[in-house]
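Chemist: Pasting in a structure now, in structure tokens, and then I'll have a few things to ask.
The values are calculated or read from the model by the stated rules, or taken from the named source; none is laboratory data. Here the structure is a predicted model, which is why all the values come from computation and not from measurement. All Cβ positions, even for glycine, are placed from backbone atoms using ideal geometry, and neighbour counts span all protein chains on display.
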Amino acid sequence: MRPARALIDLAALRHNYQLAREISGAKALAVIKADAYGHGAVQCAKALQDKADGFAVACIEEALELREAGISAPILLLEGFFEASELALIQQHDFWCVLHANWQLEAVLKTPLKQPLNLWLKLDSGMHRVGLCPTDYHHAWQQLIQSGKAAKLTKMSHFARADEPDCARSREQFETFAQATEGLSGEVSLHNSPATLAWPSFKSDWVRPGIMLYGATPFAQAQSQAARLQPVMTLESKIISVRELPIGEPVGYGGRFVSIKLTRVGVVALGYADGYPRHAPNGTPVAIDGKPSRLIGRVSMDMLTVDLTDLPQAGLGSRVELWGKQVPASEVAQYAQTIPYQLFCNLKRAVRVYATN
């Protein structure tokens, strides 16, 4: 059997969720959209169901998968509904629902409901992606209250640059939110992962940890709270071929790496079809049998090549960690000029193996 595997440490997942609660002092919706960022939504939800205050997903398809798997905890639809007809399923399965656009608000007001919904009214406080304009927010809130369609109404927004702790934009967004929602009672949800870790002074009754659940830092620089996270995914495979190359020999497609000394090359059974970034450059860190090494040569669909020159004990069958507890996914992402979110979400074909302790 092909040795490419993604080891998922569910104890680390639980630790990271508890850390989000501890830092924030708030209730936490575990964000498990996009198949829990490639970690497996159902398995992650089951691992957290006795701890989590609720879950958050992008769309109703993801929420239905969790309900079908027996997850009874609250589930928030972060993008709300895409068609008014989905309101029937939202009522049937008791989903919580974000309203981020006037057309969604109008659909709720016009649709006969068997029971009122738990609604989260989203404000565009400055990210300018989705959310109601500050000038429209009060009126929308009052419409929902007067309609009787909201069993509970939560004030919500999203930070655009919370992963930049020295940037004033998050404070500006918080002030915009405070002004736009002044006088409105109800709970508040503002914090994504970077805001949870770096902006605890902003009041929020609910936080929405995403990338931090999976043990990766959202920051480009070291951050004290992020240093407490535990990696959840370890992507690994094995060396399936070894060869020695004299000086001046190229490795892989395009000959991107050329040996400048006698070089021992290991071929690893893992490539971009498994989700490893094709554009990762020479020198991207890996660990071989627990010892540091590097990527050499261009990543292929099914294989990549690593440097064994200074690891004489390594050879056929040696374990290679592409990212995980020894090689941080954030470090690999920096080399590949991407983010750990994308590394995790791109995972495919590699078999996921779950451990609970």
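Chemist: Which condition from (1) free of Cβ contacts under 8 Å to residues at least 24 places away in the same chain; (2) of a type in the set (Gly, Ala, Ser); (3) assigned to a loop (DSSP other than H, G, I, E, B) is the one that ALA160 breaks?
Modeler: (1)
Chemist: Right, something else. Please verify whether VAL42 is farther than 21 Å from SER204 by Cα, β-branched (Val, Ile, Thr) and in the same structural domain as TRP96 (by TED's automatic domain parsing), treating the condition exactly as stated. Break it down stepwise before answering.
Modeler: On the way: farther than 21 Å from SER204 by Cα: yes; β-branched (Val, Ile, Thr): yes; in the same structural domain as TRP96 (by TED's automatic domain parsing): yes.
The answer is yes for VAL42.
Chemist: Which of the residues belonging to region 302-357 are assigned to a loop (DSSP other than H, G, I, E, B) and of a type in the set (Val, Ile, Thr)?
Modeler: Passing the criteria: THR309, VAL327, THR338, ILE339, THR356.
Chemist: Within region 262-270, is there a residue that is in a strand (DSSP E or B), closer than 21 Å to ARG2 by Cα and of a type outside the set (A, V, I, L, M)?
Modeler: yes
Chemist: Only one of (1) surrounded by fewer than 23 Cβ atoms within 10 Å (Cβ to Cβ); (2) more than 16 Å from VAL207 (Cα to Cα); (3) over 17 Å from the mean Cα position of the chain (by Cα) fails for GLN104. Which number is that?
Modeler: (1) is the only condition that GLN104 fails.
Chemist: Quick check on region 132-153. Is at least one of its residues within 30 Å of ALA226 (Cβ to Cβ), in contact (Cβ under 8 Å) with a residue 24 or more places away in the chain and assigned to a loop (DSSP other than H, G, I, E, B)?
Modeler: No, because not a single residue in region 132-153 is within 30 Å of ALA226 (Cβ to Cβ), in contact (Cβ under 8 Å) with a residue 24 or more places away in the chain and assigned to a loop (DSSP other than H, G, I, E, B).
Chemist: While we're looking at this one, here's another question. If I ask for residues that are assigned to a loop (DSSP other than H, G, I, E, B) and within 12 Å of THR305 (Cα to Cα), which ones from region 233-261 would you list?
Modeler: Within region 233-261, GLY252, ARG256 qualify.
Chemist: Say we look at region 274-300 and pick out the residues that are hydrophobic (A, V, I, L, M, F, W, C) and touching an Asp or Glu at 6+ places or on another chain (Cβ under 9 Å); which of these is surrounded by the fewest Cβ atoms within 10 Å (Cβ to Cβ)? Please lay out each step first, then the result.
Modeler: The first filter runs over region 274-300 and keeps only residues hydrophobic (A, V, I, L, M, F, W, C), leaving 280, 286-288, 295-296, 299.
In the following step, the residues that additionally are touching an Asp or Glu at 6+ places or on another chain (Cβ under 9 Å) were identified as 286-288, 295-296.
On the way: VAL286: 25, ALA287: 20, ILE288: 23, LEU295: 24, ILE296: 25.
The extreme case among them is ALA287.
Chemist: Just the residues that are among the basic types (Lys, Arg) and farther than 21 Å from HIS138 by Cα, please, taken from region 185-216.
Modeler: Of everything in region 185-216, just one residue is among the basic types (Lys, Arg) and farther than 21 Å from HIS138 by Cα, namely ARG208.
Chemist: HIS93: in contact with a helix residue (DSSP H, G or I) (Cβ under 7 Å, 6 or more places away or on another chain), surrounded by 23 or more Cβ atoms within 10 Å (Cβ to Cβ) and either in the same structural domain as GLN342 (by TED's automatic domain parsing) or at pLDDT 95 or above (or both), yes or no?
Modeler: It is false that HIS93 is in contact with a helix residue (DSSP H, G or I) (Cβ under 7 Å, 6 or more places away or on another chain), surrounded by 23 or more Cβ atoms within 10 Å (Cβ to Cβ) and either in the same structural domain as GLN342 (by TED's automatic domain parsing) or at pLDDT 95 or above (or both).
Chemist: Now for a different question. Exactly one condition in (1) over 24 Å from the mean Cα position of the chain (by Cα); (2) under 19 Å from HIS139 (Cβ atoms) is false for LEU121; which is it?
Modeler: Going through (1) over 24 Å from the mean Cα position of the chain (by Cα); (2) under 19 Å from HIS139 (Cβ atoms) one by one, LEU121 breaks only (1).
Chemist: Write out, first by first residue and then by second, each pair whose Cβ atoms fall under 8 Å of each other, whose residues are 6+ apart or on separate chains, and whose first residue, in region 163-187, is in the same structural domain as SER125 (by TED's automatic domain parsing) and over 15 Å from MET127 (Cβ atoms) while the second is small (Gly, Ala, Ser) and outside any loop (DSSP other than H, G, I, E, B).
Modeler: Short answer, once both residue conditions are applied: PRO165/ALA198.
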